[in-house]
1. Taking the options Val82, Val122, name whichever one is over 14 Å from Tyr54 (Cα atoms), of a type outside the set (Lys, Arg) and touching a strand residue (DSSP E or B) at 6+ places or on another chain (Cβ under 8 Å).
2. Being at pLDDT below 90 and among the β-branched types (Val, Ile, Thr), is that true of even one residue in region 81-97?
3. Restricting attention to region 31-43, which residues are in contact with an Asp or Glu (Cβ under 8 Å, 6 or more places away or on another chain) and closer than 15 Å to Gly94 by Cβ?
4. Considering region 20-58 alone, what residues qualify as being over 19 Å from Met84 (Cβ atoms) and β-branched (Val, Ile, Thr)?
5. So which residues in region 89-100 are under 13 Å from the mean Cα position of the chain (by Cα) and either surrounded by 19 or more Cβ atoms within 10 Å (Cβ to Cβ) or not acidic (Asp, Glu) (or both)?
6. Right, Lys120: exposed (fewer than 12 other Cβ atoms within 10 Å of the Cβ) and either basic (Lys, Arg) or more than 16 Å from Lys36 (Cα to Cα) (or both) or not?
7. Residue check: is Ala5 modelled with pLDDT of 70 or more, in a strand (DSSP E or B) and either small (Gly, Ala, Ser) or within 16 Å of Lys104 (Cα to Cα) (or both)?
8. Restricting attention to region 20-61, report how many residues are at pLDDT 85 or above and among the polar types (S, T, N, Q).
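The values are calculated or read from the model by the stated rules, or taken from the named source; none is laboratory data. Note that the structure is predicted; figures quoted are calculated from it, not measured. Glycine gets a Cβ as well: all are built from the backbone with ideal geometry, and neighbour counts include every protein chain shown.
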Amino acid sequence: MTDLATVPILSSAWEWVENEEVFETDGFAFDVDKSKRFIRRTPRPIVTILVADYSGLFEAIPVNLDHPKGVNYDLALPLIMVTMRNGGRLLIDGWHRLDQAVKKGIETLPAVILTREETKKVKC
């Protein structure tokens, strides 16, 4: 995983819509809405991630990527990632954006990363 840069825009610059979403995979579950509240309350720099570093996750993590025909996702809206116990990152919000970036050949996307302590608090 290679973070290219930290952008001087804070995560509070976006409207984070809550819709009672929980991301579940491989025995883990994370409250996406709670993560958005952390981001709103504690703005943080946005990092730029390499799409190629995360595109392989589609094979490892079962995610429903059915897109309504003609929908274009806002690729400027940062992905939300949590920090796992081993220090790795897991994408919990933005899978459709990541998929669209892969299909369009876009090399980087913005992301915000929850700290390990915040990750523990959003775990269901």
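1. On the way: Val82 fails: over 14 Å from Tyr54 (Cα atoms).
Matching residue, one of Val82, Val122: Val122.
2. Within region 81-97 (the criterion being at pLDDT below 90 and among the β-branched types (Val, Ile, Thr)), the answer is no, since none of the residues qualifies.
3. Val32, Asp33, Ser35, Lys36
4. Correct list: Thr42, Ile46, Thr48, Val51.
5. Applying the first criterion (under 13 Å from the mean Cα position of the chain (by Cα)) to region 89-100 yields 89-99.
Selection gives Arg89, Leu90, Leu91, Ile92, Asp93, Gly94, Trp95, His96, Arg97, Leu98.
6. No, not satisfied.
7. no
8. Looking only at that region, the number is 3.
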